[in-house]
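The values are calculated or read from the model by the stated rules, or taken from the named source; none is laboratory data. Nothing here was measured: the structure is a model prediction, and the numbers come from that model. Glycine gets a Cβ as well: all are built from the backbone with ideal geometry, and neighbour counts include every protein chain shown. Quick note on the areas: whole protein, heavy atoms, side chains included, nothing else; ligands and nucleic acids left out. Shrake-Rupley method; radii C 1.70, N 1.55, O 1.52, S 1.80 Å.
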Amino acid sequence: MRQLKILLTNYWLLIVFLVLKMVIQFVVVNPVYELHRDEFLYLDQANHLSAGYISVPPFLSWISSVIFFLGGSVFWIRFFPALFGAMTIFFAWLTVEELHGKIYSKILVSCALLFSVFIRLNILFQPNAFDILAWTSIFYFLIRFIRTENNKWLFYLAIAFVLGFYNKYNVLFVMVGLLVGLALTKKRTVFLNKYFYISFLLAVLLILPNLYWQVVSHFPVIHHMQALKNTQLDYTSTSGFLIDQLLFMGGSLFVVIAALVGLSAHKKFSDYRVIVIAYFVVILMYVFLKAKSYYALGLYPVLLVFGSVYLETILSSAWKKYVIILLILVNFAGFSLSYDLILPIQKPSSIIENKDKFEKVGLLKWNDGKNHHIPQDFADMQGWVEMADKSLQAYLGLPEEEKMQTLIFCDNYGQAGALNYYNRGKMPEAYSASTDYIFWIPRNKDIKNVLLVGNLPDNKIVSMFREVKLMGTVESEFAIEKNTRIYLLLGANEDFSRLFYETMDSRISNFDIF
């Protein structure tokens, strides 16, 4: 009880920030928005636990299992990315303490993380939320090791890396950056430390299950990255990437600049120059590889920490309070100018009324290169419940004896995942030929009917069925899936099942699944 009292006395403000972070993450999502298409895929992975998946490592499948254990409600789906965001603030606060920062720097870094682009990442159940936390904790454990030279922090760093690796392979870039930084500074003596190699070996042993899965699965990560490059990364530009780095930080840009200056020149931070080297190495790697700009966001929490402590250090006592308060206000002002653009807080009708504001910054342009009514990410959070309801009604209308021989098949993973989430326990699993769903299709079913969500196949396939019925259409005005149709293909002939499975096997062997 006494320890709890001490904790509350020393960290009551941190607790306020953590609670505020959790609350804000829920209130910035307007109830008209549903889950995002990507979230359905990660939730479905809980039903097919594995050491790896086509597009991501398995960490989110473990969290999904916990979510369904807790009931599977939208509350718990929103809870975990919010929790990862709160823990990022927690690690940033601890890092400030390691650098002997005081209350002003703690408040500044907490506000910078709370009112920033990170709030957007912590809405969605995607790998990005934990990715930021993993990077921040890796930096924290490295700083603790540098300050104390206690080898246990190398083991904690290895565990943080392993968890980050199982969440998103992106964490490899920060590790490469840190290794280069260590090699180029006086901290290269770590390479003579046997515990460095023991920690490294521990990390390798822990990630072996996923590495083995990649090998036996013919390295799907390579095929996925190639598909990503062809469809998205080739269209990124160096200037766009670098400009985004400035825009991401918004009102906290001065704090980041202060961090880069302090880490490069201030004597107090000389032991930590490995971090500023790592920053530039990672940025250069991403520029060379034409990475998405948000891949680098994990670098900024630690920079916000160093920038806050540096400013607190160099400012005189007379000016410290006023400058820190001013920076907090600038940060909040910058956030207040853009929060309604990056967060799904407005109804679609309100966005349309203010479309010029969204159009001016390119938020209404979708992947098809055209402007639409609302941002694409927001449109990806509409229409799923309607689709699931209409699909369920179509399935329930089938004769009881035919339901077990009916395949539920969708054009894309978002459709399949939405049906599986909203209709779980009410109808069999839906599948797709995209991403991991193609591997989950049962191969022992004699298919007599197909409940199809999406476009009709060609006439050759359609002719294999006795009857085709249009059962419904997604009518949600602002959904990216608007006009998606739901069909029942009834009475398949004896050749259909063989042709279907052969087609799926061919697509798998050719990695035609993205």
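Descriptive notes on the structure:
- Neighbours by Cβ (under 7 Å, 6+ apart or cross-chain): first from the range 317-328, in contact (Cβ under 8 Å) with a residue 40 or more places away in the chain; second open to solvent by 80 Å² or more (accessible area, probe 1.4 Å): 327/254
- Only residues that are touching a strand residue (DSSP E or B) at 6+ places or on another chain (Cβ under 8 Å) and open to solvent by less than 80 Å² (accessible area, probe 1.4 Å) were counted across the range 360-370, and they come to 1.
- Residue in the range 436-450 that is touching a Leu at 6+ places or on another chain (Cβ under 7 Å), farther than 29 Å from residue 220 by Cα and open to solvent by 20 Å² or more (accessible area, probe 1.4 Å) present: no
- Count - residues of the range 149-159 that are modelled with pLDDT of 95 or more, surrounded by fewer than 20 Cβ atoms within 10 Å (Cβ to Cβ) and of a type outside the set (Lys, Arg): 5
- Among the candidates 93, 76, 62, residue that is more than 21 Å from the chain's Cα centre (by Cα) and either outside any helix (DSSP H, G or I) or modelled with pLDDT of 95 or more (or both): 93
Residue-by-condition table, conditions (1) hydroxyl-bearing (Ser, Thr, Tyr); (2) modelled with pLDDT of 95 or more:
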site: 283; (1), (2): no, yes
site: 293; (1), (2): yes, no
site: 323; (1), (2): no, no
site: 339; (1), (2): yes, no
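- Restricting the range 461-492 to residues that are part of a loop (DSSP other than H, G, I, E, B) and open to solvent by less than 70 Å² (accessible area, probe 1.4 Å), the residue that is farthest from residue 419 (Cα to Cα): 464
- In the range 44-57, the condition of being modelled with pLDDT of 95 or more, open to solvent by 10 Å² or more (accessible area, probe 1.4 Å) and within 30 Å of residue 338 (Cβ to Cβ) is met by no residue.
- Note on the range 257-350: enclosed helices (runs of 4 or more DSSP H) holding 2 or more residues that are surrounded by fewer than 19 Cβ atoms within 10 Å (Cβ to Cβ), among the small types (Gly, Ala, Ser) and under 24 Å from the mean Cα position of the chain (by Cα) are 317-342.
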